[in-house]
Each structure stands twice: as C-alpha cells, then as structure tokens.
1. When segment 86-114 is examined, which residues are found to be more than 14 Å from ligand 1 (Cβ to nearest atom) and either surrounded by 14 or more Cβ atoms within 10 Å (Cβ to Cβ) or closer than 26 Å to LYS15 by Cα (or both)?
2. For HIS53, only one of the following conditions fails: (1) within 13 Å of ligand 1 (Cβ to nearest atom); (2) surrounded by 17 or more Cβ atoms within 10 Å (Cβ to Cβ). What is its number?
3. Considering each of TYR27, TYR7 in turn, give the residue that is aromatic (Phe, Trp, Tyr) and farther than 27 Å from GLY87 by Cβ.
4. Restrict the check to segment 101-119 and report whether at least one residue is among the acidic types (Asp, Glu) and modelled with pLDDT of 95 or more.
5. Could you look through segment 13-36, keep only residues that are within 11 Å of ligand 2 (Cβ to nearest atom) and among the hydrophobic types (A, V, I, L, M, F, W, C), and pick out the one that is surrounded by the most Cβ atoms within 10 Å (Cβ to Cβ)?
Amino acid sequence: MSDVLNYDENCLFCKIIKGDIPSAKVYEDDLCYAFRDINPQAPTHILVVPKAHIQSVAEVNKHNEALVGHIFTVIAKIAADEGLTNGYRVISNCGPDAGQTVPHLHFHILGGKKMREGMV
Ligand code: 5GP
Ligand code: ZN
C-alpha cells in the first residue's frame, strides 16, 4: 500500500494508488505510480499518475510543477524500460472536451505501433 497525498475517497486512481483497487504496476516511487491501462489502445499503454490527487493539467501550478517535471523523467525511463525505441506518444486529456474520464491527473504512454495521424 502506498501513501496518497490529498487522498480523494471518491477517486478511482487514488484507490488504485492506495492498493484498494488492483492494478498491473509498472513503476512506483514516493511521488508517482505507473500501471497498465485496463483498456489498452496500443500494445504498450501505461498510465503515469502523481500520488497526490491533482485533478488535471489545469491544476498544475508553481507549487506542483516540480512533481510534473519528475513525472516526465519517469515517463522517459518507463518508455526506455519498455523498449519503445521507435517512439511513443504521451497524452494527457484535460477536462470534458478532451474526453478526460478520470479526474486525477494522468499521462498516457502509448507505444508499440505506428500511430495514426489525426488530432496531433
Ligand atoms: P482518460 O479518458 O481520463 O484520459 O483516461 C482514463 C484511462 O483510465 C482510460 O484509458 C481507461 O481505460 C483507464 N481506466 C479506467 N478505469 C481503470 C481501471 O480500473 N484500471 C486501469 N488500469 N485503468 C483504468
Ligand atoms: Zn485521485
């Protein structure tokens, strides 16, 4: 079980971080947790989340920007460990128009296939 800062008892990802809901863990440290997406959109599809409950990119500010920077260091490490040498995509959906379904900041790492051109 992990400590969750600002634990939100109604938040699915807070429950996953705490271990109350099982997940396929890929990486963990004091600040963040990474696990495989339950509905993968690519051969490798991993979610990286801060342990602190931050709702979305819209809540990133000077008080937590170092944490977000750390998450990107972790993303690069996970991608290397997963062997995504040919590239990968990092996505964070923010709010309803972007289709964010879980209101706990998370970064999707998608890789292992050639991505379609489209929104980005
Ligand atoms: P969003 O749509 O908010 O950007 O991404 C939420 C992601 O969480 C989706 O890709 C969805 O498949 C994933 N997800 C939702 N519930 C669970 C769960 O219980 N376990 C895991 N591992 N992933 C989940
Ligand atoms: Zn949460």
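The values are calculated or read from the model by the stated rules, or taken from the named source; none is laboratory data. Since this is a predicted model, take the numbers as computed values, not measurements. Heads up, the Cβs are rebuilt from the backbone with ideal geometry, glycines too, and the neighbour counts pull from every protein chain shown.
1. Those that are more than 14 Å from ligand 1 (Cβ to nearest atom) and either surrounded by 14 or more Cβ atoms within 10 Å (Cβ to Cβ) or closer than 26 Å to LYS15 by Cα (or both): TYR88, GLY111, GLY112.
2. Against the list (1) within 13 Å of ligand 1 (Cβ to nearest atom); (2) surrounded by 17 or more Cβ atoms within 10 Å (Cβ to Cβ), HIS53 comes up short only on (1).
3. TYR7
4. No, segment 101-119 contains no residue that is among the acidic types (Asp, Glu) and modelled with pLDDT of 95 or more.
5. The extreme case among them is ILE17.
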